[in-house]
Amino acid sequence: RAEMIAKVLSTGTDNMFICDSLSGPLRDVTEDMLNDLDLHVFEGEFSCCTLKHRQSPRCDKEALRRPLLGIYCHYLKKSRCSEERTNSVIVAMNFFSKDKERMFPTHFQFTTEGKGSVMHEETRELFGPLVQMMEQRIASRVDEGERSVMHEET
């Protein structure tokens, strides 16, 4: 799932294909297909969660936070540049904007198994306010860039 998100956010659905069987043909991924794919990375089964984090005090979800934020940041910058707004990037924009909370959850449940198989559960921050803060920062930089270009032209 993470690899598919990286692909969609970096180049949209251009040159993205799907194959339903070993002998089946490759088909271009369309907007409708994208809506049918489950790209909600953080709703997937993580082996560390299945093992109740016996091997590590940190969850793999936390390890994925920074790379996915970086990919999303790159996408936001690109989506604001008119030269980069291809149809497949617009498809990606529509897809991610409608389901952002599921794509970048603010919190998650971290479960560990203690002595005597006693379960301990805690709510941990995952993305928290980071996605919104990053969107605001990039939007303000774009606005500043537009103002400076307009100032230079006058």
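The values are calculated or read from the model by the stated rules, or taken from the named source; none is laboratory data. Computed from a prediction, not measured in an experiment: that's the story for all the values here. Cβ: placed from backbone, ideal geometry, glycine included. Neighbour counts: every protein chain shown.
Tabulated values for the structure
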read-out: Inter-residue pairs, beta-carbon under 8 Å, first in contact (Cβ under 8 Å) with a residue 60 or more places away in the chain and in segment 47-62, second of a type in the set (A, V, I, L, M), 6+ apart; value: Lys52/Met119; Lys61/Leu126; Glu62/Leu126
read-out: Number of the exception - Ala63 against (1) in contact with a strand residue (DSSP E or B) (Cβ under 9 Å, 6 or more places away or on another chain); (2) more than 21 Å from Asp99 (Cα to Cα); (3) surrounded by fewer than 17 Cβ atoms within 10 Å (Cβ to Cβ); value: (1)
read-out: Tally of residues being in a loop (DSSP other than H, G, I, E, B), at negative phi and not small (Gly, Ala, Ser) across segment 15-31; value: 8
read-out: All positions within segment 2-28 that are of a type in the set (D, E, K, R), under 20 Å from the mean Cα position of the chain (by Cα) and surrounded by 10 or more Cβ atoms within 10 Å (Cβ to Cβ); value: Lys7, Asp14
read-out: Some residue of segment 118-137 being at pLDDT below 90, in a helix (DSSP H, G or I) and not polar (S, T, N, Q); value: no
read-out: Hits in segment 29-47 - residues which are surrounded by fewer than 12 Cβ atoms within 10 Å (Cβ to Cβ) and either at pLDDT 90 or above or touching a Leu at 6+ places or on another chain (Cβ under 8 Å) (or both); value: Ser47
read-out: Any hit, segment 88-107, residues being in contact with a Gly (Cβ under 8 Å, 6 or more places away or on another chain), at pLDDT below 75 and surrounded by fewer than 12 Cβ atoms within 10 Å (Cβ to Cβ); value: no
read-out: Given (1) among the hydroxyl-bearing types (Ser, Thr, Tyr); (2) surrounded by fewer than 18 Cβ atoms within 10 Å (Cβ to Cβ); (3) modelled with pLDDT of 85 or more; (4) under 25 Å from Thr13 (Cβ atoms), number of the condition Ser82 does not satisfy; value: (3)
